Amino acid sequence: MLVEILYNEEILLHYYKMGLLWSLPSTIEAGQFLMFRVSDGIDPFLRRPFGIYRTISIERGSKKLGGVEILYKVVGKGTGLMAGLRQGHKVDVLGPLGVGFSGFDGDGKLIMVAGGVGIVPFYLLAEGLANKDSRVQLLFGGRCKDDLPGLLDFENLGTEIKISTDNGELGVRGAVTELLKKEVSDDSTVYACGPKGMLKEVARIARERGVPCFVSLDKIMACGMGACLGCAVKVNGRKSRYTAQNLSPYKMVCKDGPVFDAEEIVWKEL
Amino acid sequence: MHKVNNNISQPDLTVNVAGIKLKNPVMTASGTFGYGEEYEPYLDLNRLGGIIVKGISMEPREGNSPPRIVETAAGMLNSIGLQNVGVEVFVDQKLPFLRKYDTAVIVNFFGDSIEEYCEVANILGAVDGIAGLEMNISCPNKQEGWLEFGTRPDLTFKVTNAVRKKTDLPLIVKLSPNVTDISTIAKAAEDGGADGLSLINTITGMAVNIENRRPMLANIIGGLSGPAIKPVALRMVWQVAGKVSLPLIGVGGIMTAEDAIEFIIAGASAIQIGTANFLDPSVSIKVLSGVEDYLIKNRVKRIDSLIGSLET
């Protein structure tokens, strides 16, 4: 689907927010993503998956129009080209795709653990829970203070935030997982998105404390809809309900995820 | 969406391939279109000439360890490892969905022994809603030191001939391009009793991560697909067209109607769209419309007359 770029702005060094004029028919789940075609041609060849950061609405003339915002980090050729796209340009997107976060039932405390650009799936969640009675906390880690994209948005929502940076520029010095160790309690549910090493450690802490943990995974994918079977992730043994056969130990990040129960993932093979 | 031009009558797009009557020559390639249901939100499956479903084996296959795919220049490498649900689950849970559509369902299948090929073909031949079979012979043979069937004429003949005796369904053999002379293999499949040939499967390749000096794919080697392989596929279609009398189905890097028409002119009776489905899930319908436009513009009344019309 071709949609118009409303804005594409650098919010921090290497971090951008792009607004798309795209009124989505269904409610978006926090953690869902879209597949973005960076080039009209074949270089780069594949679409790129991007988490949906939030929904926006704009006024054009007398009309109110809906849109979505993605927050991305420039890491290579594809995202480098994206950063150069201008307002008014039309881009080809597919979505919303995948299964988002849903393990938190409102009881106890929800701890969202984000590393850098891993903040993306949490805005919709925090926004949805902002005026409810639920206890919600964001633990946000980055290398430095400029590695915490969207921090202001969460401050504006009034989310309870604890920050860590590797160099101690902002918040406590060290890994965000150290914050988790302090904040986690028996009634916590943990959601996490960020680098692989961080996710592994979050899953380990949650398991040790016996609390539910859900993680959003990132994998190279070609189609985004469960057809190419490229974004496989190994899960613990499953049996078919129909035939008692062992099912494939692989699930697809695009269709079965990107959010998974941490207990399901075979972490040593991720 | 559908262009109507009242001055020129609509061209006849029907083709007969391997005894299967297709409403048009545009099909989707095995392994790039799931079992059809994945793409249902994006296009009207009824408009397709045919759907070739993800390759099926006797038992479910779990597939290879990740990473399974990597992007390359004008294409991608994959080593999915033939992950599939197995023939039983396919027939019980996937085929009923496909039966609802007025499009030819062609089932891609494989095995690691001649017996397994025969067994799967036998089961598929006994169920309703299958227009034909596409046999993947780019699969290692456990009785021959895991050598791929499709790399040797004698093995190609043997497996084709054995399966031929097990099924009355139209049998299309999908050829591997990773051979010295593809027309020899094509001839062996024809002699073995194939009704048609699909060409080409992916071309083997690899990619290296220079930071950690490791292969980009866990399997090290994968299959290259996408526009990068189109000239090779086209060349092979043309070469084989001159050597066998079977109908050919062209596949390899087709992204546009122009690509599809090139294959038809070179000798393909129909075409398959593969990797392009990943970039644009409705690309097959765009290719179909483009082929139709080309026929109208060039006053070609029947697509049949375009097949193999290359002037040399």
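Summary of values
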read-out: Volume in Å³ per residue [convex hull over Cα atoms, computed for the range B:55-156]; value: 142 Å³
read-out: Under Karplus coefficients 6.51, -1.76 and 1.60, residue-wise ³J(HN,Hα) of the range A:105-116 in Hz, glycine/proline x; value: 9, x, 8, x, 10, 9, 10, 9, 10, 10, x, x
read-out: 37 °C / 0.692 mPa s Stokes-Einstein diffusion coefficient of the protein assembly as shown, Kirkwood radius on C-alpha pairs, µm²/s; value: 128 µm²/s
read-out: Convex hull volume per residue in cubic angstrom - Cα atoms of the range A:109-269; value: 135 Å³
read-out: Violating pairs (Cα-Cα greater than 30 angstrom) within the set A:219/B:158; A:17/A:196; B:142/B:286; A:73/B:286; B:174/B:297; A:17/A:63; value: A:219/B:158; B:142/B:286; A:73/B:286; B:174/B:297
read-out: Estimated D of the range B:165-239 in µm² per second, where Rh is the Kirkwood radius over Cα pairs and Stokes-Einstein applies at 37 °C, 0.692 mPa s; value: 228 µm²/s
read-out: Cut-off under 5 Å, modelled amide H: who pairs with residue B:216 long-range; value: B:207, B:208, B:209
read-out: Per-residue mean of C-beta atoms belonging to partner chains within 10 Å, peptide B:275-282; value: 6
read-out: Kirkwood-based shape ratio for the range A:33-187, expressed as Rg/Rh from alpha carbons; value: 1.01
read-out: Reachable aspartates and glutamates, given that their alpha-carbon falls under 15 Å from the alpha-carbon of residue B:301 and they are not under 8 places away in the same chain; value: B:12, B:292, B:293
read-out: Surface share of carbon and sulfur [accessible, 1.4 angstrom probe, percent] for chain A; value: 49 percent
read-out: Test item: B:68-75 mean partner chain Cβ contacts at 10 Å; value: 6
read-out: Interface burial for A against B (accessible surface, 1.4 Å probe, total of both chains, Å², rounded to 100); value: 2600 Å²
read-out: Positive-end extreme of charge dipole, the range B:15-305 - chosen from B:95, B:184, B:58 (charges on Cβ); value: B:184
read-out: Cleavage-rule hits (trypsin sites (Lys or Arg not before Pro)) in the range B:145-248: DSSP loop, at most 16 neighbouring Cβ within 10 angstrom; value: B:165, B:213, B:243
read-out: Per-pair calculated FRET efficiency, R0 = 35 Å: residue B:93 and residue B:165 via Cβ, rounded to 0.05; value: 0.75
read-out: Inter-chain Cβ neighbour average for residues B:56-66, partner chain, 10 Å; value: 4
read-out: Backbone HN-Hα couplings from phi across the range A:209-225 [Karplus 6.51/-1.76/1.60, Hz, Gly and Pro as x]; value: 8, x, 10, x, 9, 10, 10, 9, 9, 10, 9, 5, 9, 9, 9, x, 10
read-out: Sequence of B:238, A:22, B:146, A:267 when ordered by accessible area, the most exposed leading, probe 1.4 angstrom; value: B:146, B:238, A:267, A:22
read-out: Binned Cα-Cα distances of chain A, short to long, each 5 Å bin given as a whole percent; value: 1, 6, 12, 16, 19, 17, 13, 9, 4, 2, 1, 0
read-out: Net charge dipole size for chain A [Lys, Arg +1 and Asp, Glu -1 on Cβ; Debye, nearest 20]; value: 700 debye
read-out: Percent RCO, i.e. relative contact order, over the range A:109-269, from Cα pairs under 8 Å lying at least 6 residues apart; value: 19 percent
read-out: Listed peptides B:280-291, B:114-125 by packing density, highest first (mean Cβ within 10 Å); value: B:280-291, B:114-125
read-out: For the range B:15-305: accessible area per residue (Å², 1.4 Å); value: 37 Å²
read-out: The range A:2-97 - charge dipole about Cα centre, Lys and Arg +1 at Cβ, Asp and Glu -1, debye rounded to 20; value: 40 debye
read-out: Tilt relative to chain B, helix B:230-241 - C-alpha long axis, 0 to 90 degrees, to 10; value: 80 degrees
read-out: Principal axis dimensions, largest first and in whole angstrom, of chain B by Cα; value: 60, 51, 43
read-out: Charge dipole (debye, nearest 20) of the protein assembly as shown; +1 at Cβ of Lys and Arg, -1 at Cβ of Asp and Glu; value: 380 debye
read-out: On Cα atoms only, tilt of B:257-266 relative to the major axis of chain B in degrees; value: 80 degrees
read-out: Fraction of the pair-distance distribution of the range A:150-215 above 13 Å, Cα-Cα pairs, percent; value: 67 percent
read-out: Projected area averaged over orientations for the range B:1-107, convex hull of C-alpha atoms, nm²; value: 9.6 nm²
read-out: Trypsin sites (Lys or Arg not before Pro) within the range B:60-113, DSSP loop, no more than 16 other Cβ atoms inside 10 Å; value: B:100
read-out: Protection proxy ranking of B:126-134, B:199-207 - average other beta-carbon atoms within 10 Å, highest first; value: B:199-207, B:126-134
read-out: Positive-end residue, chain A charge dipole about Cα centroid, Cβ charges, pick of A:134, A:82, A:103; value: A:82
read-out: Lys/Arg +1, Asp/Glu -1 at C-beta; the range A:109-269 dipole; positive extreme among A:205, A:124, A:222; value: A:222
read-out: For chain A, the longest site-free run once trypsin sites (Lys or Arg not before Pro) in DSSP loop states with at most 10 other Cβ atoms within 10 Å are removed; value: A:133-240
read-out: Gaussian network model of chain A, springs between alpha carbon atoms under 10 Å - residue of A:227, A:192, A:175 with greatest fluctuation; value: A:227
read-out: Surface accessible to a 1.4 Å probe, per residue, for the residues of the range A:2-97, Å²; value: 46 Å²
read-out: Mean Cα-pair separation over length for chain B, i.e. relative contact order, pairs under 8 Å, 6 or more apart, %; value: 20 percent
read-out: Debye intensity ratio in log₁₀ form over the Cα atoms of the range A:2-97, taken at each q of 0.10, 0.25 Å⁻¹; value: -0.24, -1.50
read-out: Sequence of A:208, A:127 from largest to smallest accessible area, 1.4 Å probe; value: A:208, A:127
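The values are calculated or read from the model by the stated rules, or taken from the named source; none is laboratory data. Source: prediction; values computed, not measured. Cβ sites come from the backbone with ideal geometry, for glycine too, and all protein chains shown count toward neighbours. Please note that ligands, DNA and RNA were not included when accessible areas were found on the heavy atoms of the full protein model with its side chains. Shrake-Rupley method; radii C 1.70, N 1.55, O 1.52, S 1.80 Å.
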